[in-house]
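Please read the structure below before turning to the comments.
Each reported figure results from applying straightforward, stated rules to the coordinates on display, with no laboratory input. Bear in mind that the values here come from a model prediction, so they are computed numbers and not experimental data. Every residue, glycine as well, gets a Cβ built from its backbone with ideal geometry; the counts of neighbours run over all protein chains shown.
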Amino acid sequence: MKKLLVLLFSLFLLYSPSVFADDISDFEIEGISIGDSLLDYMTEDEILKEIEISISANDNHYLSEPLKYLDVYLRKDYQVYKDGMSFMIKNNITNKYISDSNEKFNILLVRGKINYIEDFNGCIQQRDEIVKMLNKMFPNLKKEEAIFPHPSDSSGNSKIDGVYFYFDSGGDVSTWCTDYEETFRVKNNMSEGFNIAITSAEVINWLEDY
């Protein structure tokens with residue numbers, strides 16, 4: 001089954017050991033799942049370097065606890081997500097009570113990205129193709145479609161257009177397009193385009209706490 005799904009999604013996104021799996025940890029993007037340790041894919045030095053960058057950038061400054069979880073980017077060439085793979089881990093790096101390094105670097109979100117710079121329509125076309133596949137994979141899951149202003153742009157002129165599939169566990173599989181107002185995007189050296197993510201319940205709760 002996995003070989004079939006890899007063939008079906010080779011131009012796009014994710015695969016699963018079972019089309020009908022109902023646990024979010026069963027699903028993978030580029031072979032990486034929720035609950036994996038980042039140490040399986042990066043050295044500790046590489047992770048710590050990315051953590052420093054994440055803290056300095058503070059991209060989630062609009063949240064109530066902006067540094068509770070941190071973005072870590074895996075900088076390598078991927079066949080599908082050539083424009084980026086990133087993860088979220090809890091910011092417990094200095095927590096002296098956690099002695100297990102695998103627990104310290106536990107992956108709570110996996111995200112893949114393909115840039116569509118100033119090509120929002122092209123991004124939406126690809127996203128909609130993915131949504132068709134996800135509808136077949138998850139026919140019984142609650143689904144939500146939403147368009148809303150991107151929280152990082154206070155002008156309200158940048159937007160996110162997404163589709164979200166919610167698991168009973170509280171996690172989700174989501175796919176969306178970002179469309180930044182061009183002046184804002186260039187000023188902040190930001191990319192835009194297609195995203196797909198597997199997200200744990202605790203990260204979803206954090207992202208919703210503005």
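So the values come out like this:
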| quantity | calculated |
| --- | --- |
| Taking the convex hull of Cα positions in the stretch 2-207, its mean projected area over all directions (nm²) | 11.6 nm² |
| Rel. contact order, % - alpha carbon contacts under 8 angstrom, at least six apart, the stretch 143-209 | 26 percent |
| Sparse-neighbour loop sites [chymotrypsin sites (Phe, Trp or Tyr not before Pro); the stretch 19-121; at most 12 other C-beta within 10 Å; DSSP] | Phe20, Tyr97 |
| Nearest-0.05 FRET efficiency for Lys76 and Glu129, computed from C-beta distance (R0 22 Å) | 0.30 |
| Extension gain (nm, one decimal) between Ala146 and Ile117, 0.36 nm per residue minus Cα-Cα | 8.3 nm |
| Order of Glu181, Glu50, Glu208 under a 10 Å beta carbon neighbour criterion, fewest first | Glu208, Glu181, Glu50 |
